[in-house]
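Below: one structure, written as structure tokens.
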Amino acid sequence: GAGVSQSPSNKVTEKGKDVELRCDPISGHTALYWYRQSLGQGLEFLIYFQGNSAPDKSGLPSDRFSAERTGGSVSTLTIQRTQQEDSAVYLCASSPGWGGRETQYFGPGTRLLVL
Amino acid sequence: LAKTTQPISMDSYEGQEVNITCSHNNIATNDYITWYQQFPSQGPRFIIQGYKTKVTNEVASLFIPADRKSSTLSLPRVSLSDTAVYYCLGGGNQGGKLIFGQGTELSVKP
């Protein structure tokens, strides 16, 4: 079956512009996660959803970042007034449920470059 | 504060066994330990998962001591295609955040 897909695959934007990153999880997966990976760095957890609800938003780097999920499926990560330090790969993952035993299935990521 | 740590890098040669150890000092009772592999320009992918003692699948083994504060990923007879970054995830619910280790960059040489 289809895996996790993300769009766009690459995004170049100018400082100060808003960007929207999209994630399509595996059908039926109730949990969805967003991570950020800066060049040569590890995985920085941003936010997760159980269904359409995000219980904890404290992982988002600043109030310029927001995320939503509708219909228990597609999720959008929005970055307002982008800064150069926002340049990174943004990874989305989904899992059948939430919990320490769930395997996460990752998408290929969106590479964001802020000029 | 929950912290997951692992070596930044390791070198090996083809055919050798590679062991990568991760410490997860604040793992919760109901948390599992999961390892992921990441190739350049790809998202991480699942390798193996365990709760305690030893788990083995077709690609790796995972050793977890009784206190579960660490785990060791064992890759038998590595090949050049095993060159990747390996991430440890010790716990699935730490205040709502998932804390991956910083990743171990494994370089396999001929």
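The values are calculated or read from the model by the stated rules, or taken from the named source; none is laboratory data. Everything numeric here is computed off the predicted structure, so don't read it as measured data. FYI the Cβ positions are ideal-geometry reconstructions off the backbone, even for glycines, and counts take in every protein chain you see.
Scanning segment A:67-113 for residues that are touching a Ser or Thr at 6+ places or on another chain (Cβ under 7 Å) and acidic (D, E) turns up A:E68, A:E102. Checking the condition in contact with a helix residue (DSSP H, G or I) (Cβ under 9 Å, 6 or more places away or on another chain) and either surrounded by fewer than 20 Cβ atoms within 10 Å (Cβ to Cβ) or within 14 Å of chain A (Cβ to nearest Cβ) (or both), which residue from B:Q37, B:Q102, B:Q16 passes? Just one listed residue meets the conditions, B:Q37.
Scanning segment B:50-63 for residues that are at pLDDT below 95 and within 11 Å of the chain's Cα centre (by Cα) yields one hit, B:G50. Annotation note: of A:T78, A:T103, A:T70, A:T30, the sole residue that is within 10 Å of the chain's Cα centre (by Cα) and surrounded by fewer than 18 Cβ atoms within 10 Å (Cβ to Cβ) is A:T78. I'm trying to understand the selection: among the residues of segment A:45-98, which are of a type in the set (S, T, N, Q), within 27 Å of B:K3 (Cβ to Cβ) and not in a loop (DSSP other than H, G, I, E, B)? Scanning segment A:45-98 gives A:Q50, A:S94, A:S95.
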